[in-house]
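The values are calculated or read from the model by the stated rules, or taken from the named source; none is laboratory data. This one's a predicted model, so the numbers in the text were calculated from it and none came from an experiment. As a convention, Cβ positions derive from the backbone with ideal geometry for all residues, glycine included, and neighbour counts pool all protein chains shown.
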């Protein structure tokens, strides 16, 4: 579906995850890894992973903010150091190599802190030869997910799918060039696109909520794995 203006489609991120999972039903029972982009993508990915009975993990990617405007970004950095830059924007604004390096180092430190907080001593899930579904709560520019895709290519998955509840038209165009498949429930055509406009209830996801989502997946997956089969 395409919308010229923002329209409420989801009650919250958990509702968006349930709706998105319904579009991904063909992947249930396959060798699938769902990778959430924290923080906002985690509640969405929880519903997808549970519905598909898939593994769930994080891929920590952060936008690289402009020096004097932290709300805007000129690229993104993944947890393995993979970086994607909007070179046109950086050139237009006149960012120096020193400024770019400084912003990248700042984001790298933030990613390291998040990795320790969320993943602690856990190693990365094996994705080689498996289908990977990258989930976020929506795509505005698409640069964060582009960095995630570039990072994952190094881990040799069989297929990389980007699945989001909503995306801008420009982000969909960018994703189509890097992902094997892009799945979204709605595409926004408006010039001023905001992911939050498509949600009735929108709030910043805390670190505690991220951890709670991961714990819920572990608990429910454990219960499912230990459920007696018919006839036992």
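Scanning segment 18-49 for residues that are in contact with a strand residue (DSSP E or B) (Cβ under 8 Å, 6 or more places away or on another chain) and assigned to a helix (DSSP H, G or I) yields a count of 11. Can residue 42 be described as more than 15 Å from residue 184 (Cα to Cα), modelled with pLDDT of 95 or more and within 17 Å of the chain's Cα centre (by Cα)? Here the answer is yes, as residue 42 does meet what is asked. Going by the structure shown, is residue 56 surrounded by 23 or more Cβ atoms within 10 Å (Cβ to Cβ) and in a strand (DSSP E or B)? Answer is yes for this residue. Residues in segment 144-177 that are over 21 Å from residue 188 (Cβ atoms) and outside any loop (DSSP other than H, G, I, E, B) were compared, and the one that is nearest to the chain's Cα centre (by Cα) is 147.
Among the conditions (1) in contact (Cβ under 8 Å) with a residue 12 or more places away in the chain; (2) out of contact with any strand residue (DSSP E or B) (no Cβ under 8 Å at 6 or more places or on another chain), the only one that residue 150 does not satisfy is (2). With respect to residue 132, is the statement that it is modelled with pLDDT of 95 or more, at negative phi and assigned to a helix (DSSP H, G or I) true? Here the answer is no, as residue 132 does not meet what is asked. Selection of segment 76-123 for residues being more than 27 Å from residue 213 (Cβ to Cβ) and assigned to a loop (DSSP other than H, G, I, E, B) yields 86, 94, 95, 96.
With respect to residue 205, is the statement that it is at pLDDT 95 or above, surrounded by fewer than 23 Cβ atoms within 10 Å (Cβ to Cβ) and out of contact with any strand residue (DSSP E or B) (no Cβ under 9 Å at 6 or more places or on another chain) true?
yes
Considering every residue within segment 72-93, establish whether at least one is on the phi > 0 side of the Ramachandran plot, surrounded by fewer than 16 Cβ atoms within 10 Å (Cβ to Cβ) and out of contact with any strand residue (DSSP E or B) (no Cβ under 9 Å at 6 or more places or on another chain). Taking every residue of segment 72-93 in turn, at least one turns out to be on the phi > 0 side of the Ramachandran plot, surrounded by fewer than 16 Cβ atoms within 10 Å (Cβ to Cβ) and out of contact with any strand residue (DSSP E or B) (no Cβ under 9 Å at 6 or more places or on another chain).
Considering only residues in segment 208-226 that are loosely packed, with under 13 Cβ neighbours inside 10 Å and either over 21 Å from residue 35 (Cβ atoms) or touching a helix residue (DSSP H, G or I) at 6+ places or on another chain (Cβ under 8 Å) (or both), the one that is modelled with the lowest pLDDT turns out to be 226. With respect to the conditions (1) in contact with a helix residue (DSSP H, G or I) (Cβ under 7 Å, 6 or more places away or on another chain); (2) closer than 19 Å to residue 177 by Cβ, residue 80 lacks only one, and its number is (2).
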